[in-house]
Amino acid sequence: MTELTVRNISVQADKATLVSDASFTLTRGEFVALLGPNGAGKTSLIRAAMGLQDASDGQSLLGGTDVKTLSPAERARQIAYLPQTRPLAWPNSVRDVVSLGRFSHGAPLGRLKGLDAEAVDRALQACGLTDLAARKTNTLSGGELARVHCARAFAAEAPLLIADEPIAALDPRQQFRILDLIRSYVDQGSGALVVLHDIQLAARYASRMIWMKDGRIVADGPPADTLTPDRLRHIYGVNARVEGSQIFIEGAA
Amino acid sequence: MMRDSLLMPALIIASILALVAACFLGSTSLPADRLLAALFGGADAGDRLVVWQIRLPRAIAAYIVGAALGISGAALQGLLRNPLAEPGVLGVSASASLMATFSLYYGIATITPWALPIAAIIGALTATAVITIAALRTQSVVTLILIGVGLSSFAGAAMSLLMNLAPNPFSLSDMINWMLGSVANRSFDEIRLAAPFILAGGLILFATRRGLSALTLGEEAASGIGLDLRRQRIATVVGAGLATGGAVALAGAIGFVGIVAPHIVRPFVGHDPARSLIPSALLSGLILVVADIFVRLIPTSSELKLGVVAALIGAPAFVWIAMQRRAGND
Amino acid sequence: MTRLAPLLIALFLSACGQDLAPETQRPDRPVRVVSLDYCADQYVLKLLDRDHILALSPDAGREFSYMRNAADDLPTVRPSAEDVIILKPDLVVRTYGGGPNASAFFRKAGIPVVDVGWTPDIPSVMANTQRIADELGESERGAAVNAEMQMRLDDLRHRADGQLALYMTPAGVTTGPGSLIHEMIEAAGLTNMQTEPGWRSIPLERLAYEKPDVVAAAFFGSRTNHPDAWSPMKHPVARKQLTNSEVVSLEGAWTSCSGWFLMDAVEALAEGTEQ
């Protein structure tokens, strides 16, 4: 059972505590939103959970094994990671970038065969990029690039997906498209942990919400339970009304 | 796409032609029929000696030096994600030259003939290590190139100082050869000492080329897709150091060769660093053999240095590539 | 008034500059001679009495100075104008010492200069020796040196066996027609393997076809010239061909300046072919 279990992780950098005693789990079939103000420690938490950053305390288990003992390729086969900054060093073709998702399976770029090639094709199709497959990435718009990065993550066909602000700086239509893609990915049996700033979208798509503030997890549960005006005031410092699944943010508290 | 699959065969054929053409040049006149006879069997002993012991080793030395610098340049560009990275620009060749001259003029090279290439490699590895550590601390490639300039300047100055203080006497022409590069009078003896290291370095770079593709996504995402960053950095640094050190031991410090070839090759291989390694090696070898032909054709009183011709071609290319990059890329 | 006159004249002359500089009269028999470089040292030591030599150049005792033994115990002076003028010589002998403007400068200062000059072949060497001897006031000694040289040359005239000789330095540099070395090889009765004029790298490719009978190895004992990493001497073809040749070692002192002592080198070459 592929499950990411994070137990009491703390992350220190110099004298500052970025994450303090955080615990959560991520299993297949879940769409989990990770929310919190800037600087709450969300990125540090997910990086420590994957073993990309050292935790000063606690441990993170992937399928029962400590992530630190896994090789990068083993971990990549279980978790597909979409980081916050997504530079592209060279003007590769869309297909080549998406093919990098199969890296952990040992495939050389440009000569993918069999299962690898099929996975790439599926990812391209899922993200509506089949027509753009031969285009160079430096000729794409922001929305198209976001879909390329998603496709790259999906091509790995890993049981879990962790995405750090995948819809930042996108227009509303592109935002919906990306989140729809992630939801269909979850619907096919994967688990996704997505860092989001748009609370409305998070509430709409996520089956569970994890709220962070000042390096701590302060709430972890379905939107119905955790999404309250008090929470919003506490976490973000804003006045808000919650009506069903609609949230009206009225101003700073 | 057709032209992309023609790249390798075209480079191989062009390389062979260039090597044969290089054999046409020499201080005694050897007409084509005797030359070809010497290459393919027949012809008298003197002709065979001239072609196989004098002209061919020189051409082959130029080729493998070019190939070593080309593959190192392509790999370093993949690692640092920047088309301006290259052993000469980053001070690796100059550092290798410094250690090579140190071992030669302080008597260390008399212990064993392997001491010279090993010393050059130590110099190259030190420089690549410095560059890589610097690359971890700064995202700006301008800073890296400045560090490379600093390394080159330091190595050049230290070399002048050491050679003036050396217990073994030296000739000024020797120092110029080390700093500007030359394949004059190269025989299979010298090639045999340098080739194992060039080959080892090239193989390491080739074996770890996939990681260079992964780095296209940036270091964070590359780790995410399963790249062991530390191992990739070490492998690329060691491979480039071995290949560059071997090349410098054979022909002195030649700069800018590793810039032109990868830049030309990249559009043909989809800008994938991994697929650019071998074609860059072949094209750089070809360029250096052609440069060595020019060096012997240009009528100057003393033979021009190979590094001069390489810089005449490569430095304008360097400036042009630098100007083409958008400001945002730094 | 009369005491002021020389002072006034001196002031007047110095104010007028070189047009009115005094004519430098070369003394018939100079007795205070200074030489500025080691090539000039050879002539000074050979042609003059020891007590007429005021000072030699600092290189007079070095291993590349032919007359180094004779230079023992004689004072030396650095070839800078101040150091030399203060000694008040009545003649200065030089080839390159003191720099390119030294001759004009010393003449302006009122000191006559004998320029040794370079000579491209053996007859000019002899003519030059005579000229220098004349200017030093020792014409008979000059004639004697030339007579001995001629006698040695005549001895060698019979051996025109035309064997192939190749001159080389440790750096693999050789020279062809137009140089004094070339003339020396011919005077020894040999043929110079290098046929291109000027100083160049040894002809590696020609060595693949033929090897010289005699290798004239110059400067191999000195520390200022040595095989470098790109030297053609290290090439296997060169090593193979040249180790089979007869090697005649030429002392640096014999060939580093042009003078009568080149005969030692010519004779060494000629003897080399006899082995």
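The values are calculated or read from the model by the stated rules, or taken from the named source; none is laboratory data. Predicted, not measured: the structure shown is a model, and the values here were computed from it. Glycine gets a Cβ as well: all are built from the backbone with ideal geometry, and neighbour counts include every protein chain shown.
Can you list the helices (runs of 4 or more DSSP H) lying wholly within segment B:37-113 that have 1 or more residues being within 27 Å of B:Gly156 (Cα to Cα) and of a type outside the set (A, V, I, L, M)? Please lay out each step first, then the result.
On the way: elements: B:45-49, B:56-80, B:92-105.
Per the criteria, B:56-80, B:92-105.
For A:Ala151, state whether it is buried (at least 19 other Cβ atoms within 10 Å of the Cβ), in contact with a Leu (Cβ under 6 Å, 6 or more places away or on another chain) and not in a loop (DSSP other than H, G, I, E, B). Break it down stepwise before answering.
On the way: buried (at least 19 other Cβ atoms within 10 Å of the Cβ): yes; in contact with a Leu (Cβ under 6 Å, 6 or more places away or on another chain): yes; not in a loop (DSSP other than H, G, I, E, B): yes.
Answer is yes for this residue.
Within segment C:164-179, can you find the residues that are crowded, with 20+ Cβ neighbours inside 10 Å and either away from chain B (no Cβ under 13 Å) or under 18 Å from C:Val125 (Cα atoms) (or both)?
Scanning segment C:164-179 gives C:Ala165, C:Leu166, C:Tyr167, C:Met168, C:Thr175.
Those residues that are over 16 Å from C:Arg94 (Cα atoms), among the basic types (Lys, Arg) and modelled with pLDDT of 90 or more, I need them from segment C:7-60; list them, please.
C:Arg50
Can you tell me which residue within segment B:192-243, out of those that are under 22 Å from B:Val92 (Cα atoms), among the β-branched types (Val, Ile, Thr) and in contact (Cβ under 8 Å) with a residue 12 or more places away in the chain, is nearest to the other protein chains (Cβ to nearest Cβ)?
Selected residue: B:Thr208.
Looking for whichever is modelled with pLDDT of 85 or more and either surrounded by 24 or more Cβ atoms within 10 Å (Cβ to Cβ) or among the polar types (S, T, N, Q) (or both) here; the options are B:Ala129, B:Ala68, B:Ala134, B:Ala115. Which one fits?
Numbers: B:Ala129 fails: either surrounded by 24 or more Cβ atoms within 10 Å (Cβ to Cβ) or among the polar types (S, T, N, Q) (or both); B:Ala134 fails: either surrounded by 24 or more Cβ atoms within 10 Å (Cβ to Cβ) or among the polar types (S, T, N, Q) (or both); B:Ala115 fails: either surrounded by 24 or more Cβ atoms within 10 Å (Cβ to Cβ) or among the polar types (S, T, N, Q) (or both).
Sole residue among the options that is modelled with pLDDT of 85 or more and either surrounded by 24 or more Cβ atoms within 10 Å (Cβ to Cβ) or among the polar types (S, T, N, Q) (or both): B:Ala68.
Could you please tell me which pairs satisfy a Cβ distance under 8 Å, a separation of 6+ or placement on different chains, a first residue in segment A:87-100 that is more than 7 Å from chain B (Cβ to nearest Cβ), and a second residue that is in a helix (DSSP H, G or I) and acidic (Asp, Glu)?
So the pair list comes out as A:Ser99/A:Asp116.
Scanning for something charged (D, E, K, R), outside any strand (DSSP E or B), within 23 Å of A:Arg47 (Cβ to Cβ) and within 13 Å of chain B (Cβ to nearest Cβ), does segment A:120-142 turn up at least one residue? I'd like the intermediate steps shown before the answer.
Our first condition is that a residue be charged (D, E, K, R); within segment A:120-142, this holds for A:121-122, A:131, A:135-136.
Subset that is outside any strand (DSSP E or B): A:121-122, A:131, A:135.
Add one more test, that the residue is within 23 Å of A:Arg47 (Cβ to Cβ), and what stays is none.
Taking every residue of segment A:120-142 in turn, none turns out to be charged (D, E, K, R), outside any strand (DSSP E or B), within 23 Å of A:Arg47 (Cβ to Cβ) and within 13 Å of chain B (Cβ to nearest Cβ).
In this structure, is A:Arg77 more than 30 Å from A:Asn138 (Cβ to Cβ), touching a Ser or Thr at 6+ places or on another chain (Cβ under 6 Å) and either within 14 Å of chain B (Cβ to nearest Cβ) or outside any helix (DSSP H, G or I) (or both)? Give the steps one after another, and end with the answer.
Details: more than 30 Å from A:Asn138 (Cβ to Cβ): no; touching a Ser or Thr at 6+ places or on another chain (Cβ under 6 Å): yes; either within 14 Å of chain B (Cβ to nearest Cβ) or outside any helix (DSSP H, G or I) (or both): yes.
When the stated conditions are applied, A:Arg77 does not pass them.
For segment B:161-191, give me each residue that is away from chain C (no Cβ under 14 Å) and loosely packed, with under 14 Cβ neighbours inside 10 Å.
First, pick out the residues of segment B:161-191 that are away from chain C (no Cβ under 14 Å): B:161-162, B:165.
B:Leu161, B:Leu165, listed by residue number.
Quick test of your reading of the structure: A:Arg204 fulfils all but one of (1) free of Cβ contacts under 8 Å to residues at least 40 places away in the same chain; (2) basic (Lys, Arg); (3) surrounded by fewer than 17 Cβ atoms within 10 Å (Cβ to Cβ). Name the failing condition by number.
(1)
Out of all the residues in segment B:1-36, which are part of a loop (DSSP other than H, G, I, E, B) and away from every other protein chain (no Cβ under 11 Å)?
Here is the first cut: in segment B:1-36, the residues part of a loop (DSSP other than H, G, I, E, B) are B:1, B:6, B:23-31.
The answer is B:Leu6, B:Cys23, B:Phe24, B:Pro31.
Here is a yes/no grid of residues against (1) in a helix (DSSP H, G or I); (2) surrounded by fewer than 17 Cβ atoms within 10 Å (Cβ to Cβ); (3) within 14 Å of chain B (Cβ to nearest Cβ); (4) touching a strand residue (DSSP E or B) at 6+ places or on another chain (Cβ under 7 Å):
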position	(1), (2), (3), (4)
C:Glu183	yes, no, no, no
C:Pro197	no, yes, yes, no
C:Val237	yes, no, yes, no
C:Glu267	yes, no, no, no
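Can you tell me which residue among B:Ala235, B:Ala281, B:Ala311, B:Ala249 is surrounded by fewer than 24 Cβ atoms within 10 Å (Cβ to Cβ), in a helix (DSSP H, G or I), at pLDDT 90 or above and small (Gly, Ala, Ser)?
Numbers: B:Ala281 fails: surrounded by fewer than 24 Cβ atoms within 10 Å (Cβ to Cβ); B:Ala311 fails: at pLDDT 90 or above; B:Ala249 fails: surrounded by fewer than 24 Cβ atoms within 10 Å (Cβ to Cβ).
From the options B:Ala235, B:Ala281, B:Ala311, B:Ala249, the qualifying one is B:Ala235.
Taking A:Pro166 as meeting all but one of (1) part of a loop (DSSP other than H, G, I, E, B); (2) surrounded by fewer than 24 Cβ atoms within 10 Å (Cβ to Cβ), write down the number of the exception.
(2) is the only condition that A:Pro166 fails.
Report whether or not C:Gly259 is outside any strand (DSSP E or B), without any contact (Cβ under 8 Å) to a residue 60 or more places away in the chain and not assigned by TED's automatic domain parsing to the domain that holds C:Ala60. Outline the logic, then answer.
Values: outside any strand (DSSP E or B): yes; without any contact (Cβ under 8 Å) to a residue 60 or more places away in the chain: no; not assigned by TED's automatic domain parsing to the domain that holds C:Ala60: yes.
When the stated conditions are applied, C:Gly259 does not pass them.
Would you check if C:Asp154 is more than 19 Å from the chain's Cα centre (by Cα), within 20 Å of C:Asp264 (Cα to Cα) and among the acidic types (Asp, Glu)? Give the derivation first.
Values: more than 19 Å from the chain's Cα centre (by Cα): yes; within 20 Å of C:Asp264 (Cα to Cα): yes; among the acidic types (Asp, Glu): yes.
For C:Asp154, the condition - more than 19 Å from the chain's Cα centre (by Cα), within 20 Å of C:Asp264 (Cα to Cα) and among the acidic types (Asp, Glu) - is met.
Looking for something in contact with a Lys or Arg (Cβ under 8 Å, 6 or more places away or on another chain), at negative phi and outside the structural domain of C:Gln130 (by TED's automatic domain parsing) - is there at least one such residue anywhere in segment C:218-229? Steps first, please.
Taking segment C:218-229 as the starting set, the residues that turn out to be in contact with a Lys or Arg (Cβ under 8 Å, 6 or more places away or on another chain) are C:227.
From what is left, the residues that are at negative phi are C:227.
This time we only want the ones that are outside the structural domain of C:Gln130 (by TED's automatic domain parsing), so: C:227.
Scanning segment C:218-229 turns up at least one residue that is in contact with a Lys or Arg (Cβ under 8 Å, 6 or more places away or on another chain), at negative phi and outside the structural domain of C:Gln130 (by TED's automatic domain parsing).
Here is a check on your reading of the model: is A:Ser104 out of contact with any helix residue (DSSP H, G or I) (no Cβ under 7 Å at 6 or more places or on another chain) and facing chain B (nearest Cβ under 9 Å)? Write out each step before concluding.
Working: out of contact with any helix residue (DSSP H, G or I) (no Cβ under 7 Å at 6 or more places or on another chain): no; facing chain B (nearest Cβ under 9 Å): yes.
Considered against the rule, which asks whether it is out of contact with any helix residue (DSSP H, G or I) (no Cβ under 7 Å at 6 or more places or on another chain) and facing chain B (nearest Cβ under 9 Å), A:Ser104 comes out as no.
Under 9 Å between Cβ atoms, at least 6 apart or on separate chains: pull out the pairs that start in segment B:254-274 with a residue that is within 12 Å of chain A (Cβ to nearest Cβ) and without any contact (Cβ under 8 Å) to a residue 24 or more places away in the chain and end on any residue that is of a type in the set (Val, Ile, Thr) and surrounded by fewer than 23 Cβ atoms within 10 Å (Cβ to Cβ).
Close Cβ pairs satisfying both conditions: none exist.
Assuming C:Ser139 fulfils every condition listed in (1) more than 27 Å from C:Gly198 (Cβ to Cβ); (2) touching a Cys at 6+ places or on another chain (Cβ under 7 Å) apart from one, which condition is it?
(2)
Any residue that is buried (at least 17 other Cβ atoms within 10 Å of the Cβ), within 7 Å of another protein chain (Cβ to nearest Cβ) and more than 21 Å from A:Val186 (Cβ to Cβ) - is there at least one of those in segment A:56-71?
no
Out of (1) in a loop (DSSP other than H, G, I, E, B); (2) at pLDDT below 90, the odd one out for C:Glu82 is which?
Looking at each condition in turn, C:Glu82 falls short on (1).
Can you pull out the residues in segment A:221-253 that are surrounded by 12 or more Cβ atoms within 10 Å (Cβ to Cβ) and in a helix (DSSP H, G or I)? Working first, answer last.
Step one: of segment A:221-253, the residues surrounded by 12 or more Cβ atoms within 10 Å (Cβ to Cβ) are A:221-229, A:231-236, A:238-240, A:242, A:247, A:249, A:253.
Of everything in segment A:221-253, those that are surrounded by 12 or more Cβ atoms within 10 Å (Cβ to Cβ) and in a helix (DSSP H, G or I) turn out to be A:Pro223, A:Ala224, A:Asp225, A:Thr226, A:Pro229, A:Arg231, A:Leu232, A:Arg233, A:His234, A:Ile235, A:Tyr236.
Scanning for something hydroxyl-bearing (Ser, Thr, Tyr) and without any contact (Cβ under 8 Å) to a residue 12 or more places away in the chain, does segment B:142-152 turn up at least one residue? Even if it seems obvious, please write down each step before you answer.
Taking segment B:142-152 first, the residues hydroxyl-bearing (Ser, Thr, Tyr) are B:143, B:152.
Subset that is without any contact (Cβ under 8 Å) to a residue 12 or more places away in the chain: B:143.
Yes; the residues of segment B:142-152 include at least one that is hydroxyl-bearing (Ser, Thr, Tyr) and without any contact (Cβ under 8 Å) to a residue 12 or more places away in the chain.
Hey, among the residues in segment C:76-129 that are closer than 16 Å to C:Val33 by Cα and of a type in the set (Ser, Thr, Tyr), which one's surrounded by the fewest Cβ atoms within 10 Å (Cβ to Cβ)? Before you say what the answer is, go through the steps one by one.
If we filter segment C:76-129 for residues that are closer than 16 Å to C:Val33 by Cα, which is where we start, we get C:76-95, C:97-98, C:102-103, C:106-107, C:109-116.
Then drop every residue that is not of a type in the set (Ser, Thr, Tyr), which leaves C:76, C:80, C:95, C:103.
Details: C:Thr76: 16, C:Ser80: 13, C:Thr95: 22, C:Ser103: 18.
Among those residues, the one meeting the criterion is C:Ser80.
For A:Ala203, state whether it is touching a strand residue (DSSP E or B) at 6+ places or on another chain (Cβ under 9 Å) and not in a loop (DSSP other than H, G, I, E, B).
So A:Ala203 passes the test.
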